[in-house]
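The values are calculated or read from the model by the stated rules, or taken from the named source; none is laboratory data. None of these values were measured; they are calculated from a predicted model. FYI the Cβ positions are ideal-geometry reconstructions off the backbone, even for glycines, and counts take in every protein chain you see. Protein only, heavy atoms only, side chains kept; ligands, DNA and RNA dropped before computing areas. Shrake-Rupley method; radii C 1.70, N 1.55, O 1.52, S 1.80 Å.
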Amino acid sequence: MPIHYLYLVLAISAETIGTTALQASQQFTRLGPSLVVIVAYGFSFFMLGQTLKYMPVGLVYAIWAGLGIVLIAFIGLVMFGQRLDLPAIFGIGLIIAGVLVIHLFSSSSGH
């Protein structure tokens, strides 16, 4: 795996952890999850910056945001009991398809 994909995976993972902690922080009223939000988002943006050394910002952001949405929707379902209706599931499928098209067919994705 090229190093920029490792950076991007770390950025997406940290953003997902931060967003999950954001829900758990209860609007920043709980100290532990609030600190996790700050550290995770900081690390996520640092890793995004590293990724941008190798890939264009539009593609990096599209992949980061798209996969983050998919992961958070899944975590919301599993951890917080947040249900998804059929249009939401269809939309998430389109996001996954878009990320795959970028990764598999775009010559500007840096792979």
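Being β-branched (Val, Ile, Thr) and more than 27 Å from SER106 (Cα to Cα) narrows it down to one of VAL39, VAL70, VAL57, so name that one. Quick ask: steps written out before the conclusion?
Values: VAL70 fails: more than 27 Å from SER106 (Cα to Cα); VAL57 fails: more than 27 Å from SER106 (Cα to Cα).
It is VAL39.
The set of residues from the range 1-16 being in contact (Cβ under 8 Å) with a residue 24 or more places away in the chain, of a type in the set (A, V, I, L, M) and loosely packed, with under 13 Cβ neighbours inside 10 Å comprises just one member, ILE3. Which members of the range 60-84 meet the condition of being open to solvent by less than 90 Å² (accessible area, probe 1.4 Å) and over 13 Å from the mean Cα position of the chain (by Cα)? Scanning the range 60-84 gives GLY76, LEU77, PHE80, GLY81, GLN82, LEU84. Restricting THR29, THR19, THR51 to those that are closer than 18 Å to ALA73 by Cα and either touching a helix residue (DSSP H, G or I) at 6+ places or on another chain (Cβ under 6 Å) or open to solvent by 90 Å² or more (accessible area, probe 1.4 Å) (or both) reduces the list to THR19.
Let's see how each residue does on (1) closer than 26 Å to LEU84 by Cα; (2) among the hydroxyl-bearing types (Ser, Thr, Tyr); (3) not in a helix (DSSP H, G or I):
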site: PHE28; (1), (2), (3): yes, no, yes
site: PRO33; (1), (2), (3): yes, no, no
site: VAL39; (1), (2), (3): no, no, no
site: LEU48; (1), (2), (3): no, no, no
site: LYS53; (1), (2), (3): no, no, yes
site: GLY66; (1), (2), (3): yes, no, no
site: LEU71; (1), (2), (3): yes, no, no
